[in-house]
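Let me begin by presenting the structure, written as structure tokens, before commenting on it.
The values are calculated or read from the model by the stated rules, or taken from the named source; none is laboratory data. Please read these numbers as outputs of a predicted model, since none were measured by experiment. Positions of Cβ are generated from backbone atoms using ideal geometry, with glycine treated the same way; all protein chains shown enter the neighbour counts.
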Amino acid sequence: MKKRHLQAIHLMFSFLAVGAVNEYLFGSYPSDFKNGFLSVFLFIGFVCLGKTTVFNKSGGNKNNSTTADASFRYIHNITVFAAIFTAVVFGIGTSLYHTNSLGPIIGSFPNFLRSMLYTAGVAYILYLLIKRVLVWFKDASINMPDKNRWRWFGGNPRSLLLWWAVIFLCWFPAFLAYFPGIFSYDIPKQLWQINGLAPINAEIPILHTFFVWVAYTIGGTNQAGTMVYSIIQMMVMSFIFSYALYSLAKMNTHFWVRIIALLWFALSPFNAIFSLIQNQDVLLAGFLVLSVVTLIDFVSNPDGFLTSKYKMIRLVVFLVLFSLMRNNALYALIIAGIVAIFIYKQYRKHVIKLFGSAIIIAWVLTSPVVSFLGWNSVLTGEALSVPAQQIALVATNNWENLNQWEQQTISRVFPLNISQSYNPRISDPIKHVLTAENLGYFWQLWFRLLPKYPIEYTEAFLTLNLPLWFPDAAYPDRFSQRRYIEDWVIEWGGFEIQRQSKLPWLLEYYESFARNESILQISPVLRTITSIGTPIWVIFSVVVFALTKKKLVSVIPLLLPASLWLTFLFGPVSNVRYMYPLIAAYPLYIAIIAMVMAKTVKTQKKRTK
């Protein structure tokens, strides 16, 4: 393409970018606020930024030579994809968040044209920013530290014990604030099963129910059992995080990456609060962290890893424990294993052995063993949240257009007032009425409505999963009305557990965080970090970075959290605890970036020699 044609396109997209910024900043204001004096400066700014980014083959980095044309085109292609994909997803998310519908985008031709122009402007802004970042990182490098430089911050047992103590002590004030702990979510069901008041149900992982039984048996009473559970879980999770730091040090990960990891593990309110919550997602987070950090060791030094039987057994054990801590975790492991097999061609046989062993062991423990012992399986409705919501939306919006059989079948499968019960952001009112006896009718109805109402099916799916992929979603959601973190003590059920806070002032701070009202959650940038829709975008960013470095193998540790997120799309969630495993692993995503950059340094040194 000739330069003058490129300049014309750049000016056009700069104009669209100004329109996108105006719409984002002043979309809800009167029209006289839009396209004002600020637009002139924005237009000049985008023109100047584009001149150094679009026309300079080094992306504005003068240190690059003209011999990097092929590399420039490669980064350009990645940037175009990332920018367009992000702009489209955020445009869809904005429409669904405000209207629960794709109508503002595809409802009419003017709406569609306006949406396309807005998306083009946003994509161009993202292109300019992403490209400059990627070009800068392309030549950036990290020098590896000396393993023996920091006596108390290295890969030795002394450091492991020190970090364990530091993290536990940093969480201990939260324990005093919430004393004796947090009694919420599914813990009443588990205590009913333990006390013989309800049959054992695999809806909640049996391994976690056993953990609850141990803690409450030691405690003797529900009040003391809550305290014992909190202390044991704090010790377990703080050790897991310290072990992750220890593993990063053993791999000679950069000093500042470990500092960031220590600060996150010890001081993040997420970790302090969740270490006290009696729910399987907390231990799931711990086993995910252990699995990811071990996979980082695998891909960073595969030959050394595969010569150690201890390391390979350790990885399999961590993957099995991860799979046993949630019913959908096994599916996540299967998805991650399949993708890893295609990515890691050089060590494909070893990937098959490691992931295959973990999958087989986990499946045996969660299926044949559970059936043999006569424990109930997962409830029918839990796995049907998405198709149930899709049928409910069709029935709500198109009841009069349905034929007699479809109406009768809907009434049979959903014995309630479906139009009043349907909630676009949470499936609980709909899925809980589904029974195994009506599954045949359910699927016959679903397949029959699919070709007739593809838009409604798409809207129901995306709206139900909106908080998982749209970081701008706010809490509490005005439709689902679920607390950001449910940190209370359940008062019903006769468990007689009373909160006796030793630090009321600190409890007030943590409760404000649990309500999504703390200073961290209302501040720019920090608010995005605490959104449950952010982790998948962080993972996406790391993948884009790895592609820029042509180190796709480095993303294998990300497959497990990404696959777990994918399974959540089909068993939708509505609050933070489901996404806590991905949030807890934030420092490991940074460690992967550091690993990719460090490996590039080694490669460059070899070429120099």
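Structure notes:
- Within the range 429-452, the set of residues being surrounded by fewer than 20 Cβ atoms within 10 Å (Cβ to Cβ) and assigned to a loop (DSSP other than H, G, I, E, B) comprises His432, Val433, Thr435, Leu450, Pro451, Lys452.
- Selection within the range 499-531 - assigned to a loop (DSSP other than H, G, I, E, B) and under 17 Å from Pro180 (Cα atoms): Arg499, Gln500, Ser501, Lys502, Leu503
So that you can scan it fast, the table gives a plain yes or no per residue for (1) hydrophobic (A, V, I, L, M, F, W, C); (2) more than 30 Å from Val542 (Cα to Cα); (3) not assigned by TED's automatic domain parsing to the domain that holds Thr366; (4) not in a helix (DSSP H, G or I):
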| residue | (1), (2), (3), (4) |
| --- | --- |
| Gln223 | no, yes, no, no |
| Ser247 | no, no, no, no |
| Asn252 | no, no, no, yes |
| Phe287 | yes, no, no, no |
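- Some residue of the range 468-486 being crowded, with 20+ Cβ neighbours inside 10 Å, modelled with pLDDT under 90, in the same structural domain as Asp281 (by TED's automatic domain parsing) and out of contact with any strand residue (DSSP E or B) (no Cβ under 6 Å at 6 or more places or on another chain): no
- Residue count for the range 387-408 under the criterion of being in a helix (DSSP H, G or I) and surrounded by fewer than 19 Cβ atoms within 10 Å (Cβ to Cβ): the result is 10.
Residues checked against (1) buried (at least 21 other Cβ atoms within 10 Å of the Cβ); (2) not aromatic (Phe, Trp, Tyr):
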| residue | (1), (2) |
| --- | --- |
| Glu517 | no, yes |
| Thr528 | no, yes |
| Phe545 | yes, no |
| Lys550 | no, yes |
| Pro557 | yes, yes |
| Leu564 | yes, yes |
| Tyr580 | yes, no |
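- Residue among Ile273, Ile313 that is in a helix (DSSP H, G or I) and either under 16 Å from Cys170 (Cα atoms) or within 18 Å of the chain's Cα centre (by Cα) (or both): Ile273
- When we screen Leu267, Leu284, Leu290, Leu262 for residues that are under 21 Å from Gly154 (Cα atoms) and under 17 Å from the mean Cα position of the chain (by Cα), the only hit is Leu290.
- In summary, Gln193 fulfils each of the numbered conditions (1) free of Cβ contacts under 8 Å to residues at least 60 places away in the same chain; (2) touching a Phe, Trp or Tyr at 6+ places or on another chain (Cβ under 8 Å); (3) surrounded by 16 or more Cβ atoms within 10 Å (Cβ to Cβ); (4) not basic (Lys, Arg) with the single exception of condition (2).
- Residue in the range 203-217 that is over 24 Å from Leu288 (Cβ atoms) and surrounded by fewer than 16 Cβ atoms within 10 Å (Cβ to Cβ) present: yes
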